[in-house]
Number of protein chains: 2
Amino acid sequence: MNNPIKIAVDAMGGENSPKKIIKGIKIHYNNSNNIFYNIFGDKILIDPLIKNENLPEKNYKIFNTKNHIKDEDSPLSAAKKGKDTSMWLSIESLKNNESDAIVSAGNTGALFVIAKLNLKMIEKIDKPALSALWPNKNGMNIVLDLGANIECNEKNLVDFSLMGSALHKSLFEEEEAKVAILNIGSEEIKGNNTIKNTYQILNEKKNPLFEFKGYIEGNHIMNGDVNVIVTDGFTGNIALKTAEGTANFITSELKSAMNSSILGKLSAILNLKNLKKFKNKLDPRLYNGAILLGLDKPVIKSHGSTDEIGFANSLKVCEKIIKGNLIDKIKKNII
Amino acid sequence: MNNPIKIAVDAMGGENSPKKIIKGIKIHYNNSNNIFYNIFGDKILIDPLIKNENLPEKNYKIFNTKNHIKDEDSPLSAAKKGKDTSMWLSIESLKNNESDAIVSAGNTGALFVIAKLNLKMIEKIDKPALSALWPNKNGMNIVLDLGANIECNEKNLVDFSLMGSALHKSLFEEEEAKVAILNIGSEEIKGNNTIKNTYQILNEKKNPLFEFKGYIEGNHIMNGDVNVIVTDGFTGNIALKTAEGTANFITSELKSAMNSSILGKLSAILNLKNLKKFKNKLDPRLYNGAILLGLDKPVIKSHGSTDEIGFANSLKVCEKIIKGNLIDKIKKNII
């Protein structure tokens, strides 16, 4: 048997932690094999939860931590005074090669600052990028950057294309990575200089890891014609959150339309099965797990407000990234 | 009786024109009073359509034009060789004070270039902005810029706040205008320098036309806490189109979920009324009409693919803008 995959888990971040974290670990454990969890957090809280879930002792180790970073801490103050926290120590276990990847549902800014302080950048990558899964008609997009870098140059965007493709190939090995740059038009002349220069570089220097498909407009993100969408962190953050807000708006309008009369209620009951199918397809827990790319170890951020199912999915992302050799894929394909 | 409001209508732009244009005029005519339409286009096509709609002769004049700008024309080539087109001549009728506003469903880029060539900028406004209506939980947002300016400085964003508020007050006179800047976080320190400087200016210099509410993130655009959302043209275009794409994705997923079984079909029939309510609320024809702000006459762009109902709504936007004295509101409140 191979060595197990070792995942460092910050058990103290996000809502309802550590309960949802431990439950999430159990769900993930049931659906995978040969995983070892290095769990960082308050042992007094965690021990009974793990006993309750019957997680086999050979599959985990608890590292008792006295402190944890709160959502309201600023990234810098968290980094300064956070060395005894569950987040810091779980990242440190990557630095010390005790874990292969880390997941936290805690403070996003703090996670990234502490990760950058403790881990090395991959050689020739200038800036890390925050990436996430975004559904499209045929499967999943990887979109990056989602907020790590407000301003990006063409070198950064080219790096993001490579890293996003490596991530897509790690998660969905059967599929070809197809990269597009998010822009306000599809013609070559559209956009600012950074975007136009990126277009030129990607168009001229082919990369074996992906096919370059040019520009994509916001309304085509979910069409499924491409699956890696590259943009600066400001634009990406606005796009992702706008999509989220639009989805919430529509589903809440739909809900109130369905409930606004007895007829609506009746048919809502009749339609339960199909509505459930619809809801499942749009369930944000399926896409839970933002990935910080560019560091030489995988750092995964779970949504703070997700539940155990969402957290289990971000553990799955971790597992796939390690099995898919994400970091090697990036290193081997840097031009 | 007051002088009628005179609207210049480019009858040749967009899909199914001039048919949908003339039908749209009739719908608008039926729902308003004291409007005069200056209709620019091919008289041979337009005459029988107008006869068919029984539009009273005292309410319109047809200006026969031999040529029209096509969707595939580049803005610059359209501007160069377009002087005998329905679009150019309808804009020229604003310049000559023969019309109070213009609507076209034609080539967007050409419309803006020709409008800028023929009309003056409002004094002290440096750049025109493209604005549109975007639904929120409580009513309507005005969002700008949506693509006229890829890069904006703080002066531009301050101007957009003023112009967007003037537009909101013209369209929804009962409501207070509440401005927010689109950003990637709600704390004062977030965003790039242009955004932070704009925040400072708007926070310090109160404008009687609107209340400044700080930053807004993409996922809160539709919450209804503010109603004028200011951003540069690149970000605004991406946000609007991403929202559009997300809405299309969800409604098409919903449709296929509703039809995927006999039970689904049955309940879809039962639910027709509520689904219709829902659909109506999200009907893009309701929000049809992008407004180019900053010129000293109102220029309104209808979506090219809308139908007569959508076109009638953009005529309604025209009418409200003129009745609401949009241009005066902007001029009076420039700081």
Margin query: I'd like to know how the protein assembly as shown sits against the 2.2 N^0.38 Å rule of thumb: what's its Cα Rg over that expected value?
Written below: 1.06
Note to self: Please compute, for peptide A:216-228, the average count of beta-carbon atoms on other protein chains lying within 10 Å of each residue's beta-carbon.
What the structure shows: 4
Item checked: Per-residue HN-Hα couplings for the stretch B:182-188 [Karplus 6.51, -1.76, 1.60; θ = phi - 60°; Hz; x = Gly/Pro] -> 5, 8, 9, x, 9, 7, 4
Notebook entry, point to check: Rounded to two decimals, what is Rg over Rh for the stretch B:99-138 when you use alpha-carbon atoms and the Kirkwood radius?
Noted result: 1.04
Note to self: For B:Tyr215, what residues show an amide H to amide H distance below 5 Å, using hydrogens built from the backbone and excluding near sequence neighbours?
What the structure shows: B:Ile181
Check: Between A:Lys213 and the same site in the other copies, what are the distances in nm, shortest first, taking label points 7 Å from Cα along the C-beta direction?
Finding: 3.6
Next item on the list: Among the listed pairs A:Lys70/B:Lys213; A:Lys137/A:Lys169; A:Lys81/A:Lys297; B:Lys23/B:Lys155, give every one whose C-alpha distance is greater than 30 Å.
Entry: B:Lys23/B:Lys155
Item checked: 5 angstrom amide H check on B:Leu295, placed H, neighbours 5+ away -> B:Ile122
Next item on the list: Give me the net charge of B:Lys297's neighbourhood, meaning all other residues with Cβ under 9 Å from the Cβ of B:Lys297; Lys, Arg count +1, Asp, Glu -1.
Entry: 0
Item checked: Cα-Cα over 23 Å, subset of B:Lys26/B:Lys316; A:Lys20/A:Lys323; B:Lys124/B:Lys205 -> A:Lys20/A:Lys323
Next item on the list: Restricting to the protein assembly as shown, compute how many DSSP beta bridges are antiparallel as a %, nearest 5.
Entry: 30 percent
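For an R0 of 30 angstrom, estimate the FRET efficiency from the Cβ-Cβ distance between A:Lys196 and B:Lys61 and round to the nearest 0.05.
Details: r = 45 Å, r/R0 = 1.51.
With R0 = 30 Å, the Cβ-Cβ based efficiency is 0.10.
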Margin query: Tell me which trypsin sites (Lys or Arg not before Pro) from the stretch B:100-141 have a DSSP coil assignment and no more than 13 other beta carbons within 10 Å of their own.
Written below: B:Lys120, B:Lys124, B:Lys137
Next item on the list: Diagonalise the Cα gyration tensor of chain A and give the resulting equivalent ellipsoid semi-axes, square root of 5 times each eigenvalue, largest first, whole Å.
Entry: 32, 28, 18
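Using DSSP to define loop residues, name the trypsin sites (Lys or Arg not before Pro) in the stretch A:165-261 whose beta-carbon has at most 11 other beta-carbon atoms within 10 Å.
A:Lys205, A:Lys206
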Next item on the list: Would you mind listing the distances between the A:Lys51 label point and the same position in each other copy? Use 7 Å along Cα-to-C-beta, nm, one decimal, shortest first.
Entry: 9.3
Notebook entry, point to check: Across peptide A:229-239, what mean number of C-beta atoms from other chains lies inside 10 Å of a residue's C-beta?
Noted result: 5
Notebook entry, point to check: What's the local net charge at B:Asn237, with K and R +1, D and E -1, over the other residues with C-beta under 13 Å away?
Noted result: -3
Checklist line | Copies compared at A:Asp126 - label distances in nm, ascending, label defined 7 Å from Cα in the Cβ direction | finding: 2.6
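Would you work out the charge dipole size for chain B about its Cα centre, treating the Cβ of every Lys and Arg as +1 and the Cβ of every Asp and Glu as -1, and quote it to the nearest 20 debye?
720 debye
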Item checked: At most 16 other Cβ within 10 Å, DSSP loop - trypsin sites (Lys or Arg not before Pro), the stretch A:1-82 -> A:Lys66, A:Lys70
Item checked: For the stretch B:138-149, 3J(HN,Hα) per residue [Karplus equation, 6.51 cos²θ - 1.76 cosθ + 1.60, θ = phi - 60°, Hz, x = Gly/Pro] -> 9, x, 10, 8, 9, 10, 7, 8, 10, x, 6, 10
Checklist line | Equivalent-ellipsoid semi-axes of the stretch B:141-253, from the Cα gyration tensor, Å, largest first | finding: 22, 17, 13
Next item on the list: Can you tell me what the convex hull of the Cα atoms of the stretch A:1-137 projects to on average, as an area in nm²?
Entry: 10.5 nm²
Next item on the list: Would you please give the residues with an amide H less than 5 Å from that of A:Ala132, counting only those at least 5 places away or on a separate chain, with H modeled from the backbone geometry?
Entry: A:Val143, A:Ile291
Item checked: Separation in nanometres of the label points that stand 7 Å from Cα toward Cβ, at B:Asn16 and A:Glu98 -> 6.8 nm
Note to self: Please report the net charge: other residues with Cβ closer than 9 Å to the Cβ of B:Ile335, K and R +1, D and E -1.
What the structure shows: +2
Checklist line | Loop-exposed GluC sites (Glu not before Pro) per DSSP, neighbour cap 15 Cβ within 10 angstrom, longest uninterrupted part of chain A | finding: A:189-335
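Any read-out appearing in this document is the output of simple, stated calculations on the displayed coordinates, not a laboratory observation. Remember, predicted model here, so these are calculated numbers, not experimental data. Backbone-built Cβ (ideal geometry, glycine too); neighbour counts: all protein chains shown.
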